[in-house]
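Peer 1: My structure is below; once you've seen it, I'll send some questions.
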Amino acid sequence: MANILQLIIDALWFILPAYFANASPVIGTKLLGKYNYPMDFNIKIRGKPLLGPGKTWGGFLTGILVGSAIGFLQARPLAGFLLSLGALIGDAFGSFIKRRIGLERGKSFPLLDQLGFVVFALLFVSFVELPTLPEFAAILILTPAIHLGTNAAAYLLKLKKEWY
Ligand code: CTP
Ligand code: MG
């Protein structure tokens, strides 16, 4: 039991900057208001947005800054930055896929929404740090539930329009 708890704590510690990088844009973009700008510059492919209005430069920079700050506090500055960069790029890549198959901004794509960002974060951070295999498995198993939990909280706080 103590071992499982230790594993969960180690896994969450490893991935924590990516969680903050993924969750903070929704607040950052609100604070910036009209000073924000869409990441895709409103470009469309065959009439469909490249990424859509849910991916903004303000959100991207907020995520990098907040996630990197967490990594800095963990005494893992480079890993924190790479986890954050990977999380934001993975999140944007998810939107790219969703737009290509015709899903509008905010529509759900189960597992891509909850895990895409974390897979990219792990890929990016692997240049400087690797989780153990059990930590890796724990991250993949725990993240969807945690992601749904934080999104539901953001919905209740009226930060998001969708509960998922
Ligand atoms: N957000 C942002 N910039 C980013 C990522 C997120 O401004 N790079 C903000 C947007 O306001 C977005 C919210 O955070 O609506 C929630 O993020 P997410 O659920 O990833 O976006 P969706 O609105 O669901 O859009 P998509 O369908 O493209 O995933
Ligand atoms: Mg969403």
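Every number here is computed from the coordinates shown, using simple stated rules; none is lab data. Worth saying up front: this structure is predicted, and the values here are computed from it rather than measured. Positions of Cβ are backbone-derived with ideal geometry, glycine not excepted, and every protein chain shown enters the neighbour counts.
Peer 1: Efficiency by 1/(1 + (r/R0)^6): what FRET value for residue 105 and residue 145, r their Cβ-Cβ distance, R0 = 25 Å, to the nearest 0.05?
Peer 2: Details: r = 24 Å, r/R0 = 0.96.
Given R0 = 25 Å and the Cβ-Cβ separation, E is 0.55.
Peer 1: Cα gyration tensor of the range 1-98, axes a ≥ b ≥ c as square roots of the eigenvalues: rounded (a/c below 1.5), prolate (a/b > b/c) or oblate? Mind showing how you got there, number by number?
Peer 2: On the way: a/c = 2.89, a/b = 1.93, b/c = 1.50.
Cα axes put the range 1-98 in the prolate bin.
Peer 1: Further, regarding this structure: Rg over Rh of the chain, using C-alpha atoms and the Kirkwood radius, what does it come to?
Peer 2: In the chain, Rg relative to Rh is 0.98.
Peer 1: Another question, then. Place a label point 7 angstrom from the Cα of residue 61 along the Cα-to-Cβ direction, then list the residues of the range 32-49 whose backbone nitrogen is under 11 Å away.
Peer 2: Residues 32, 35-37 qualify, since their backbone N sits under 11 Å from the label point.
Peer 1: Checking the a/c ratio against 1.5 first, then a/b against b/c, what shape does the Cα gyration tensor give for the range 44-126? It would help to have the intermediate numbers written out before the result.
Peer 2: Numbers: a/c = 2.86, a/b = 2.05, b/c = 1.40.
Judged from the Cα gyration tensor, the range 44-126 comes out prolate (a/c at least 1.5, a/b above b/c).
Peer 1: Which one, 4, 41, 17, is farthest towards the positive end of the dipole of the chain when Lys and Arg carry +1 and Asp and Glu -1 on their Cβ?
Peer 2: 41
Peer 1: What order, most packed first, do the peptides 91-101, 148-158 have when packing is the mean number of other Cβ atoms within 10 Å of each residue?
Peer 2: On the way: 91-101: 18.7, 148-158: 13.3.
Output ranking for 91-101, 148-158: 91-101, 148-158.
Peer 1: Using a simple charge model, +1 on the beta-carbon of Lys and Arg, -1 on the beta-carbon of Asp and Glu, nothing else, what dipole does the range 2-156 show about its Cα centre, in debye to the nearest 20? Walk me through the intermediate numbers first.
Peer 2: Values: 12 positive and 7 negative charges, 171 e Å.
Magnitude of the dipole: close to 820 debye.
Peer 1: Let me ask another. For helix 133-156, report the angle its Cα long axis makes with the longest principal axis of the Cα atoms of the chain; keep it between 0 and 90° and round to the nearest 10°.
Peer 2: The answer is roughly 50 degrees.
Peer 1: Net charge around residue 142, counting only other residues with Cβ within less than 15 Å of its Cβ (Lys, Arg = +1; Asp, Glu = -1)?
Peer 2: Values: positive: none; negative: 10, 135.
Net of charged neighbours comes to -2.
Peer 1: Follow-up question, since we're still on this one. So between residue 137 and residue 13, what do we pick up on full extension, going 0.36 nm a residue minus the alpha carbon distance?
Peer 2: Working: separation 124, 0.36 × 124 = 44.64 nm, distance 1.40 nm.
That pair, residue 137 and residue 13, stretches by 43.2 nm at full extension.
Peer 1: Computed FRET efficiency, Cβ-Cβ of residue 153 and residue 41, R0 30 Å: what is it to the nearest 0.05?
Peer 2: Once the sixth-power term is evaluated, E becomes 0.45.
Peer 1: Could you state the angle between the C-alpha long axis of helix 57-73 and the longest principal axis of the C-alpha atoms of the chain, as a value from 0 to 90 degrees rounded to the nearest 10?
Peer 2: 10
Peer 1: To one decimal place, what Kirkwood hydrodynamic radius in Å is obtained for the range 88-134 from all pairs of distinct Cα atoms?
Peer 2: Working: mean 1/r = 0.0862 Å⁻¹.
Over the range 88-134, the inverse of the mean reciprocal pair distance is 11.6 Å.
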